[in-house]
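One structure below.
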Amino acid sequence: MRRAASLLLLAAAAGAGELDAAQDAVRKAADAVRPSVVTVLTPSDRDFDLTGVAIAPGGVVLTVRSLLLKDGRLPDTVPVRFPGKGSTLDAELLDEDESTDTAIYKASGSRTRAVSAARADDVRHGMWVLLVGNTFGAGRESMPALSLGVVSAIVRRGDAVEAFHTSALVNPGSVGAPLVDLSGDLVGIALPQITGDGLQTIVMPFDRIRGAYRAKGGKGASAVGRPPPPRRSRGHIADMLGAVLED
């Protein structure tokens, strides 16, 4: 319903050529991130799997921590499934951070491409984003599903971005999924939380995740990498669509 309303708004505000260009931008962003998205198989058959995203070469996968806990501890290894490749590898626990509800695992032998990162300061209200996840377990045997939405709120504490809210839907199985901008760059990952009205997905910014691991100085510090430089320019399509919705 929300996606339909957004598209109706755009149809009224933008020409057909601009919408075609926007569709192409969404497709390219999806193609850029999908090879980095993996399925994290949970310990219980009753639970839906999680989604993870490769954030560094060599099979370094970031996912949500809390839904992997068993008796208050994270498993030392989890099976990780690579969509479209028909292969499952055991990934070993590299690091964890309770404050951001994230864990980092490493699946040695994986050649899955790592996603590039965006800066939280480059994210704006009304900006188009994609949630790319293992919805209802589909990522086990096929490519991850897409949910298109916008950034509806930016939650700050002082100068730091604490969370994003987005209309891109999080479904069972897509918790831990990467949220990316229309350049295919990682904005953050979907938490197992929604806003109080039940309409928005809460996203943990990757900038905050990076800062938490680097402050700890453990094995995860090098995995999360350094912040990219600020963007000198934004894509015309992303700017145009964002401005329409923000207005």
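At a Förster distance of 30 Å, what's the computed FRET efficiency of ASP76 paired with ARG27, Cβ-Cβ distance as r, to 0.05?
The value I calculate is 0.20.
Calculated FRET efficiency, LEU69 and ILE194, Cβ-Cβ r, R0 25 Å, to nearest 0.05?
0.80
Taking amide H positions as placed in the peptide plane 1.01 Å from N, state which residues far from THR102 in sequence (5 or more) or on other chains have amide H under 5 Å from it.
For THR102, the qualifying residues are ARG65, ASP97.
Please list the non-local residues whose amide H lies under 5 Å from the amide H of VAL175, H modeled 1.01 Å from N, same-chain partners needing a gap of 5 or more.
The answer is THR51.
Here, each number is a calculation from the coordinates, and none is a lab measurement. Remember, it's a predicted structure, so these values are computed and weren't measured experimentally. Note that we place each Cβ from the backbone using ideal geometry, even for glycine, and neighbour counts take in every protein chain shown.
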